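The values are calculated or read from the model by the stated rules, or taken from the named source; none is laboratory data. These numbers were taken from a predicted model, which means no experiment stands behind them. Methodologically, a virtual Cβ is constructed for each residue, glycine included, from the backbone with ideal geometry; neighbour enumeration extends over all protein chains shown. Protein only, heavy atoms only, side chains kept; ligands, DNA and RNA dropped before computing areas. Shrake-Rupley method; radii C 1.70, N 1.55, O 1.52, S 1.80 Å.
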Amino acid sequence: MSRTKSSLPIHTGLTGKGNTRDVKIERIGNVTIYKRGASYCLYYRERGHSMRPRIDGNLAVARATAARVSAALVEERPSPLGFQRTSSQDMVDGFLDFCENVQGLAWRTVDRYRAALQRLLDFCHGAGISNVDAIKDGDVEDFVKFLRGQTRTRNGMATGTRDHYKTGGIKFILSTCRTAFNWAGRRRMLPPYSENPFGRFPIDQLRDPD
C-alpha cells in the first residue's frame with residue numbers, strides 16, 4: 001500500500017545562497033504562516049513594522065497563534081506575541097536569579113556576572129535609559145567609553161588598589177551583557193526579532209588604547 005503524500009512540505013531546503021528556505025503554508029486573516037526548516041513562523045505587520053516570530057510548537061499551535069494575532073490586529077489591540085517593557089534593573093535581577101537558582105552556577109560566577117551587570121546599570125542610570133529595549137548600538141559604544149573611564153579593585157574586592165579596566169575585563173562585561181540580553185529576548189523583554197545590540201558589537205576586536 002503506497003503512502004499518502006502530505007500536502008505540506010516536509011523539508012523546506014536551502015536557497016541558492018545557502019540560507020534556510022521559507023515556504024508559505026497558509027494565511028489566516030492578516031497573518032501568514034511559513035515553515036522554515038522544521039519550525040513554523042508567522043509574518044504580519046504591526047504598527048508599521050514587519051513581525052516574524054518563531055512559534056514553539058507544531059502546525060496546530062501555529063494556526064491557533066495566528067488566529068489570536070489576527071484577531072488582535074483587527075481589533076487594533078497589541079499582538080499577544082508582543083513584548084513586555086522591562087526596566088534594566090528588573091532584567092538584571094531576573095537574569096541573576098536564573099543563573100543562581102535555575103542554572104545553579106557557582107556563586108563566584110554569579111558574583112562576577114553581578115559586578116559586570118552593575119556597571120551596565122550604572123551606565124543606564126547616568127544616560128537616563130530606563131528600559132532594556134531602549135539600548136541601541138550607539139549606547140553600547142558609549143558604554144565601552146564609560147568603562148574605559150572606570151576603575152575597579154582586583155577581582156572585585158571591596159578594598160584594595162584601584163586601577164582602570166583592562167581590555168580583557170571590558171570584554172568580559174560586554175560578553176555578560178550579551179548573554180543577559182539573549183536571555184531577556186527569549187523571555188520577550190525585547191521586541192520580537194530585534195537584534196541584540198551587544199551581539200552586533202565586535203567584542204573580539206577590542207584592543208587596549210595606545
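Descriptive notes on the structure:
- Once the Cβ-Cβ distance of ASP90 and HIS164 is raised to the sixth power relative to R0 = 41 Å, the FRET efficiency obtained is 0.85.
- In this structure, the pairs whose alpha-carbon distance is over 21 Å, taken from LYS145/LYS171; LYS35/LYS136; LYS24/LYS136, are LYS35/LYS136; LYS24/LYS136.
- The length gained on full extension between ARG148 and ARG186, counted as 0.36 nm times the residue separation minus their Cα-Cα distance, comes to 10.7 nm.
- A viscosity of 0.890 mPa s and a temperature of 25 °C, combined with the Kirkwood radius over C-alpha pairs in the Stokes-Einstein formula, give the range 28-107 a diffusion coefficient of 167 µm²/s.
- Other residues lying with their Cβ under 9 Å from the Cβ of CYS41 contribute a combined charge of +3, Lys and Arg counting +1, Asp and Glu -1.
- Summed over the residues of the range 32-183 and divided among them, the accessible surface reaches 56 Å² per residue at a probe radius of 1.4 Å.
- The stretch between LEU121 and ALA60 holds 17.8 nm of extra length on full extension. This uses 0.36 nm per residue minus the Cα-Cα distance.
- P(r) tail fraction, the range 15-155 - alpha-carbon pairs more than 26 Å apart, %: 51 percent
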